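Comments concern the structure below.
The values are calculated or read from the model by the stated rules, or taken from the named source; none is laboratory data. On a predicted model such as this, the values are computed, not experimentally measured, just so you know. Neighbour counts are summed over all protein chains in view; Cβ atoms, including those assigned to glycine, are modelled from backbone coordinates with ideal geometry. Remember, those area values only see protein heavy atoms, side chains included, never the ligands or the DNA or RNA. Shrake-Rupley method; radii C 1.70, N 1.55, O 1.52, S 1.80 Å.
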Amino acid sequence: MIVLDTDAALALAHGHKALHHLADNVAHTPGDWLHIPSLCLMRAEEKDEGVGRALLALPGTQVDPLGQAAAVTVGGMVRDGWGGVDTCHALYVATPHLETGGMSIILTGREDDYPQGVLAIDIDSPGMLGFH
């Protein structure tokens, strides 16, 4: 599973070339999605009006809700210093769950915001997902 955090979501909405290639590939792969945690979508819209609508209009994207269990877990993560609400929601979505299987990839513009052991890839790293 590929998770876009706030910075990656903003970059996708603003036309980031590699992310657009990825979104296009995902849109043409049945059952595959780019996951955007709802708190990342909220923070992206907070930073730039209209970004939320632009992201919702893209095929191949799925917004992951903040359900009851997620709200409690994300709140605890924020309290324990794992990061802001959007970062913690991205971590929660990327954490292995019964329905998702193994660890996910978080695409981000802030790779250092994530703890060791989390597969966080900077969207501008050379060769990110095979694109230059």
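Before moving on, here are some points about what is shown:
- Some residue of segment 75-83 being in contact with a strand residue (DSSP E or B) (Cβ under 9 Å, 6 or more places away or on another chain) and either in a helix (DSSP H, G or I) or touching a residue at least 24 places away in the same chain (Cβ under 8 Å) (or both): no
- Criterion: in a helix (DSSP H, G or I), of a type outside the set (Phe, Trp, Tyr), open to solvent by less than 10 Å² (accessible area, probe 1.4 Å) and touching a Phe, Trp or Tyr at 6+ places or on another chain (Cβ under 7 Å) - qualifying residue of Ala70, Ala9: Ala70
- Against the test of being more than 27 Å from Asp24 (Cβ to Cβ), surrounded by fewer than 19 Cβ atoms within 10 Å (Cβ to Cβ) and modelled with pLDDT of 95 or more, the options Asp48, Asp80 yield a single qualifying residue, Asp80.
- Within segment 96-114, tally of residues that are hydroxyl-bearing (Ser, Thr, Tyr), at pLDDT 90 or above and assigned to a loop (DSSP other than H, G, I, E, B): 1
- Every residue from segment 24-45 that is open to solvent by less than 40 Å² (accessible area, probe 1.4 Å) and either assigned to a helix (DSSP H, G or I) or touching a Gly at 6+ places or on another chain (Cβ under 8 Å) (or both): Val26, Leu34, Ser38, Leu39, Cys40, Leu41, Ala44
- Complete set of residues in segment 115-132 that are in contact with a helix residue (DSSP H, G or I) (Cβ under 7 Å, 6 or more places away or on another chain), at pLDDT 80 or above and not small (Gly, Ala, Ser): Val118, Ile121, Asp122, Ile123
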